[in-house]
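Reviewing the structure listed below.
The values are calculated or read from the model by the stated rules, or taken from the named source; none is laboratory data. Given the structure is predicted, the values throughout are model-derived calculations rather than measurements. Because the Cβ atoms are built from the backbone with ideal geometry, glycine has one as well, and the counts that use them run over all protein chains shown. The protein model used for the area step is the full one, side chains on, heavy atoms only, and it has no ligands, DNA or RNA in it. Shrake-Rupley method; radii C 1.70, N 1.55, O 1.52, S 1.80 Å.
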Amino acid sequence: MKSYLFTLCIVFAFILGCKTGQDTNMANTIHGKTENEVAAATANDTVRIANDSLEYEIIIIDPGFNSWLQSRAMPRNYYGQVYLENKNRFWVTEWNIRVNQPQRYGDMYQMSIDYHPDIDYGYEVNYLLFNYLVYFQVTNRQRLGGIIPQ
């Protein structure tokens with residue numbers, strides 16, 4: 001369970017982070033590990049999609065997500081961007097509600113996702129976020145609402 005919480009902390013620390021004038025880095029240590037130790041331990045389980053022109057990126061570090069994304073996720077361009085944005089808006093809203101109610105949902109939802117529906121994050125960011133939320137729901141037997149595409 002600790003590794004799961006650690007993974008969630010890292011995942012959502014970077015999801016849809018907006019760049020500022022200064023470079024933003026992870027904290028020097030995460031749960032007693034340095035950035036280099038975290039990077040080395042998770043190199044194979046890291047998925048990063050960045051759109052430098054839009055200044056948004058998503059980094060997901062979750063054991064098993066990368067292989068799930070390659071083997072079970074629908075291929076890129078299967079869903080349109082509008083569909084992905086609508087699902088992400090709905091699921092992220094529910095996710096953030098659960099973050100604010102730990103007494104009801106426990107510690108599975110640790111960090112909120114900073115997702116603004118009025119910002120065009122591009123297809124790749126929406127595709128990756130959508131697939132992570134599908135993966136999360138399937139592997140953790142959670143329902144954020146609606147039908148989960150398989």
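From the list 114, 120, 107, the lone residue that is surrounded by fewer than 16 Cβ atoms within 10 Å (Cβ to Cβ), at negative phi and under 12 Å from the mean Cα position of the chain (by Cα) is 114. Scanning the stretch 123-143 finds no residues that are open to solvent by less than 10 Å² (accessible area, probe 1.4 Å) and in a loop (DSSP other than H, G, I, E, B). Taken over the stretch 98-135, the criterion of being under 19 Å from residue 146 (Cβ atoms) and acidic (Asp, Glu) is satisfied by no residue.
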